Structures are given as C-alpha cells and as structure tokens.
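Q: Could you have a look at this structure, given as structure tokens, before my questions?
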Amino acid sequence: MIRLRAMLSTTAVRLSALYLGLFALCAIVLVFYVTAISEGMQRDRTQTAIASELRIVAGAYRGGGVAGLVRVIERRSRQPGANLYAIAVPTGELIAGNIAALQPGVLDAEGWSAEPFHYQRIGESANENHRALAQVVFLPNGMRLMVGRDIGEREQVRGLVRQALVMALAIMFAGALAIWFFVGRRALKRIDHMSAASEKILAGDLSQRLPVNGSGDEFDRLSLSLNTMLGRIERLNEGLRQVSDNIAHDLKTPLTRLRNRAEAALAADGGPESHQQALEQMIADSDQLIRTFNALLMISRVEAGSSTAQMSDVDLSGLAQDAVELYEPVAEEQGVKLTARIAPGISIRGNRELLSQALSNLIDNAIKYAGDGPDPEIIITLARQAGELRLAVADNGRGIPAARREDVVQRFVRLDESRSKPGTGLGLSLVQAVAALHGGRLTLDDAVSEAGDNPGLAAIMVLPGGS
C-alpha cells in the first residue's frame, strides 16, 4: 500500500491521470454533442415525413370526405413499415387507423406532440410498449386525425451510442490503470536506484554515480548531468586533499628552515653583517613561499573556472612569438639554443594571461633541464593538426620516464634528480589546469623518437581548433 501510494504521487502518474481526465471529458462532450445532433436530424426527418404524409391524407379528405380519408388510412396502415395513423371522434374514441391504444391526452391538443408518447399497435399484446412522435389535426367536423412515426429505432441508436461510450471509457480507464502501474512503477524504481546511489554519495563515497540505463529519457539526462557534476566535485575534493597533504609535507620544510635561520641568527653573535645576511636569506625563503602560495591560488582559480569570464580572442601566434623573444636572452645566457616554428595567424578564444603563464612555465622548465645535456636546444612549435592546435615546447635533455609522466603533473611532485633545481613542483600542474580550462589537455612525450641517454621531453598543449 505504501509503494502504491508512492507510485500514485509520481509526476508521471499525475500527468497520465490529468490527460485521461481531459480526454474522457472531451470524449463525453463529443459523444453527447454528436448524439444531440443526430437526434435533432432524426427529429427533423421525422417531422418532414409526417408533414408529407399529412398532405397526402389531407388530399384524400378533401376529395372523398371522411369515408375517403378512412379508406386511404386503412390502405396505407397495412403497408410494411407504415406510419402511425389514427382517426378519433371528439370524445377521443379511436375509429380507424393502426393504433389500438394511445396515451391519454395526446389527441387533446392540435399540432406536434411536445414529448414522445406511448402507444400500442393493433394486434400486439398490452405488454409491448412503443414510443412515437406525431402531429394532430382537428377536422372541421370535430374529428381528430393523427399521423406519427415510431421512435424506437432512434432510441435504440442512442442506447447503443451510450453503451459504446461506457465501454470505451471503461477500456480507457483500464488502459490508464495499466499505464499508471507500468510507468509509475518503472519511474519509482529508477528513483529508488537514484536515491540509493545518492545515499552512498552523502555517506562520503564520491566515486558513486547515478545509474544510467541508456534509454535517453529525462532520468538519463538528469543522471548524466549530475554524474558530470559529481565527477568535477570529486576532482576538486581530490585536489583539495592533495593540496592539504602537499602543504603539510612540502611547505613544512621551508617553514622549518626559515625558523631555524631566524633562531640561528638570534643565537649567533656575528654582528650586523651576519644578521643582515640571515635576514636576506629569510626574505628569499619568504619570497619562494609567497610564489608557491600564489601558484596554488592560481591553479585553484583556474580549476574552479573563475577565469572563464575573462575569455577573449587571443592571437596565439603573436603570444608564442612574444614568449620566444622574452626567453631568448635567458636561454642564451644558459647556453641553450632557442628555435621557434610558429605558424602565423592562429587565434583562439581564451584567457591571454593564463595561456602566457602556461607557455612561460613550459619554456622555463625546458631551459632549466635542457642544459644538462650536450648542445642543449629547445624548439617551440605552434601548428594546426587534425582540427586541433598543438603548442609544443620540446628539449633534448634527460626527459621524464614514461612511468612518471602522470606523476609530474601533480602538485608539488618533483623527481629526485630535479630537487637540486629551483622550483615548486607546480609548473606543470598549472599548465594542465590552463589547458583543461580551454577545453584541451596537456600531453608529455619523448622529444626524440630514437632511444638514447637524452630522449628529451615534448610538453604539448593540445587546444581546440581555433581560427
């Protein structure tokens, strides 16, 4: 009973009930309207036929008097499917025609009968009951002439129409109940599955997803939208957890070092120069911490999509060329050859500052690690390929092992051989977040196809096609 009550309260069942009610109401109104029109047409035809018959018998009366009228009526009343005929004296006694008995009062007024009346034909038993419509004419000698037609056939048709209406409504009602049961039960089962998955999600299991049966109905569309939202929430929570863990572990060391230097400076008696040197080192450590926190905040804003409102048309070719010109002196100072292969006229809808920061991070990393090998070189490439834009920064350094490439894009992750280099381990994380914000992705691959000690690294931002 509880499940039935829950099913009856669903929107699908309520809509079905509303549609059924409206359809039934329209069907009833239509049937009664058609029935009324049919009855009116039959009544008009009956009156026309009676009026025509009256003209015939009236002609017989004018030509042969009462005797001629009686002869004509007797002859016509014996024909198959004959009309109703009656001639009565002023007292109401029937003297001719095919009617044995007549409802009292029918012959009292001249003209059309206001309502159908009961009568009995000659030769029928008193148990048989007929109804008819008739027109009464008073003759000059005071006698009454009645000509009418039986309406039993019309009433049978009306009864059949009403019976068909009742049967149709009964079938519709039974079908509606079956549809209610099927649709409501199915909808309730889908909702139960979604509720069960929601309870697991509320319990903290963000890996759960709402069920999708592939029908493409409104439940599937809702589940797909919510699953997309849950996936994003899960990624954001995972990122928040990683940030918390990384702050607890990776930032603890520089903060501890900062405190130890301050404590050592207070304990030492090296004079003003020693104190000044300690303060300068502490300022440098503080600046590094500030840069780390700024990078974390930027990554969080990018992943949260807060920069989407600042999207505009960006000349990606010009942006890449500006980055090359900016880093050429730095690369030359490090002894690194910087080569640009930038296709002209490529633009994209995006955030110029974030794209510039991402490209700067890739070039800075390449300069930092390409210098470890002989004849270090960095190649910056921008081209359109297979409907996508590929902005790549490739170097011929030691590269990153394939098994560690998924790790290095995580926050604060740095390979052991890179810990001697300055940095925070957030550069590639920011690049990946910027690429995702623009509907693209970051891929890492070997820069040199053939194996060797220096396969290099090709960091590629794959972005939508642009223009």
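Q: Taking segment 331-355, which residues are in contact with a strand residue (DSSP E or B) (Cβ under 9 Å, 6 or more places away or on another chain), open to solvent by 50 Å² or more (accessible area, probe 1.4 Å) and either farther than 28 Å from residue 436 by Cβ or part of a helix (DSSP H, G or I) (or both)?
A: 332, 337, 352 - these are the residues of segment 331-355 that are in contact with a strand residue (DSSP E or B) (Cβ under 9 Å, 6 or more places away or on another chain), open to solvent by 50 Å² or more (accessible area, probe 1.4 Å) and either farther than 28 Å from residue 436 by Cβ or part of a helix (DSSP H, G or I) (or both).
Q: Let me ask you something else. Sort out which residues of segment 51-109 are in contact with an Asp or Glu (Cβ under 8 Å, 6 or more places away or on another chain) and of a type in the set (A, V, I, L, M), and write them in order of number.
A: The answer is 84, 96, 100.
Q: Can you tell me which condition residue 223 does not meet? The list is (1) of a type in the set (S, T, N, Q); (2) open to solvent by less than 40 Å² (accessible area, probe 1.4 Å); (3) not in a helix (DSSP H, G or I), and all the others hold.
A: (3)
Q: Would you mention how many residues in segment 61-89 are more than 19 Å from residue 149 (Cβ to Cβ), modelled with pLDDT of 85 or more and in contact with a Gly (Cβ under 8 Å, 6 or more places away or on another chain)?
A: 2
Q: Then there's this: If residue 231 meets every condition in (1) within 24 Å of residue 302 (Cα to Cα); (2) open to solvent by 60 Å² or more (accessible area, probe 1.4 Å); (3) not in a loop (DSSP other than H, G, I, E, B) apart from one, which number is that one?
A: Condition (2) is where residue 231 drops out.
Q: Given the conditions (1) in contact (Cβ under 8 Å) with a residue 12 or more places away in the chain; (2) not in a strand (DSSP E or B), which single one is not true for residue 36?
A: (1)
Q: Filter segment 189-206 down to residues that are in a loop (DSSP other than H, G, I, E, B), within 29 Å of residue 301 (Cβ to Cβ) and open to solvent by 70 Å² or more (accessible area, probe 1.4 Å), then give me how many there are.
A: So the count comes out to 0.
Q: A further question follows. Among the listed residues 345, 399, which satisfies the condition of being touching a residue at least 12 places away in the same chain (Cβ under 8 Å) and closer than 25 Å to residue 445 by Cβ? Give the steps one after another, and end with the answer.
A: Values: 345 fails: closer than 25 Å to residue 445 by Cβ.
Result: 399 is the single residue among 345, 399 that is touching a residue at least 12 places away in the same chain (Cβ under 8 Å) and closer than 25 Å to residue 445 by Cβ.
Q: Please state which of the following conditions residue 99 fails to meet, knowing it meets all the rest: (1) modelled with pLDDT of 85 or more; (2) in contact with a helix residue (DSSP H, G or I) (Cβ under 7 Å, 6 or more places away or on another chain).
A: That leaves (2) as the condition not met.
Q: Taking the conditions exactly as written (open to solvent by less than 80 Å² (accessible area, probe 1.4 Å), closer than 30 Å to residue 93 by Cβ and touching a Phe, Trp or Tyr at 6+ places or on another chain (Cβ under 6 Å)), does residue 130 satisfy them or not?
A: On the way: open to solvent by less than 80 Å² (accessible area, probe 1.4 Å): yes; closer than 30 Å to residue 93 by Cβ: yes; touching a Phe, Trp or Tyr at 6+ places or on another chain (Cβ under 6 Å): yes.
Yes: the conditions hold for residue 130.
Q: Assess whether residue 278 counts as being among the small types (Gly, Ala, Ser), at pLDDT 75 or above and closer than 30 Å to residue 427 by Cα.
A: On the way: among the small types (Gly, Ala, Ser): yes; at pLDDT 75 or above: yes; closer than 30 Å to residue 427 by Cα: yes.
Answer is yes for this residue.
Q: Still on this structure: Pick from 232, 257, 241: which is farther than 30 Å from residue 204 by Cβ, modelled with pLDDT of 70 or more and either of a type outside the set (S, T, N, Q) or over 34 Å from the mean Cα position of the chain (by Cα) (or both)?
A: Values: 232 fails: farther than 30 Å from residue 204 by Cβ; 241 fails: farther than 30 Å from residue 204 by Cβ.
Only one candidate qualifies: 257.
Q: Which of the residues that make up segment 384-408 are part of a strand (DSSP E or B) and open to solvent by less than 40 Å² (accessible area, probe 1.4 Å)? It would help to see each step written out before you state the result.
A: Within segment 384-408, the first condition is being part of a strand (DSSP E or B), and the residues that meet it are 384-385, 388-395.
Result: 389, 391, 392, 393, 394, 395.
The values are calculated or read from the model by the stated rules, or taken from the named source; none is laboratory data. Predicted model, so just to flag it, every value in this text is computed and none were measured. Every residue, glycine among them, receives a Cβ derived from its backbone with ideal geometry; neighbour counts consider all protein chains shown. Note: accessible area is taken over every heavy atom of the protein model, side chains too, but ligands, DNA and RNA are not part of it. Shrake-Rupley method; radii C 1.70, N 1.55, O 1.52, S 1.80 Å.
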